[in-house]
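Just so it is clear, none of the values below were taken in a lab; they were calculated from the coordinates. Worth saying up front: this structure is predicted, and the values here are computed from it rather than measured. For neighbour counting, all protein chains shown are included, and Cβ atoms are generated from backbone atoms with ideal geometry for every residue, glycine included.
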Amino acid sequence: MTRKPLMAGNWKMYKTSAETQAFFQAFKPLVADAAHCDIVICPPFPSLAAAVEEARGSNIEIGAQNLYWGKEGAVTGEVSGNMLQASGCGYVIVGHSERRQYFGETEPDVVRKTRAALEFGLTPIVCMGERLADRESNTTEAVLATQFDGGLAPLAPEEFAKVVIAYEPVWAIGTGRTATPAIAADAHRFIRSGVALKFGDAQAAATRILYGGSVKPDNVKSLMAEADIDGALVGGASLDPKSFAAIVRY
């Protein structure tokens, strides 16, 4: 089965609404004819409205960086899937390593947030990946298995079928250190084998698994040459329109 690549930009805590408008005005012409992949940009919450407006009528979809699992309520500072859907989002990042590391998100949180995203028609990009200590102690596969078993395996098959996975080795995020294509491909194969065991070979063949971790224009082609890598979740390099366009057009 041919999986259509997905190139997603995670802007993290960067760009005001005005900066978002300027980005899109520069970026849209650079990727207007890019039909080989899906393109998603995930700005911070205050810039979502500007991004949705700028992306209207283009080949770019908008995603959020996080959501809460409740629809509404007295949960100060949180944003629901219902609100994201109403704002024009089509995607949302779930379980990013920074959310896990700084805000204590757990695998049960990942399940709840994934289900909340699906309830409101959002495509969850569910992140997983090992820390440097895990890599150095040769426990990468054990960590990935724990994250998969706790955060994705509880989903029903029809829920899982709508999920995108992002493999992000924590030691490569924002550090300038990139997993080699071979290291990344090994992890992707391991994750895909877990999908096959839980959800079957057909679903494993259909599931898109993105690589994230210091993806840049000069390394994206070699990463994308690996059969099990279906796209990228890009951090810093997605903030510059020319840089992200070069990644999209790998």
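In a simple Cβ point-charge model (Lys, Arg +1; Asp, Glu -1; nothing else charged), the chain has a dipole of about 320 debye relative to its Cα centre.
Could you work out the Rg to Rh ratio of the stretch 54-195, with Rh taken as the Kirkwood radius (inverse of the mean 1/r over all Cα pairs)? Working shown, then result.
On the way: Rg = 15.7 Å, Rh = 15.9 Å.
Rounded to two decimals, Rg/Rh equals 0.98.
The largest-to-smallest principal axis extents of the Cα set in the chain are 45, 45, 34 Å.
Would you calculate, for the chain, the mean residue ellipticity at 222 nm contributed by helices, counting each DSSP H stretch of 4 or more residues as -39,500 (n - 2.57) and dividing by all residues, to the nearest 500?
After summing the helix terms and dividing by residue count, I get -12500 deg cm²/dmol.
Rounded to two decimals, the Cα radius of gyration of the stretch 124-211 over 2.2 N^0.38 Å is 1.05. Ignoring lysines fewer than eight residues from Lys198 along the same chain, the ones with Cα atoms less than 26 angstrom from its Cα are Lys4, Lys113, Lys162.
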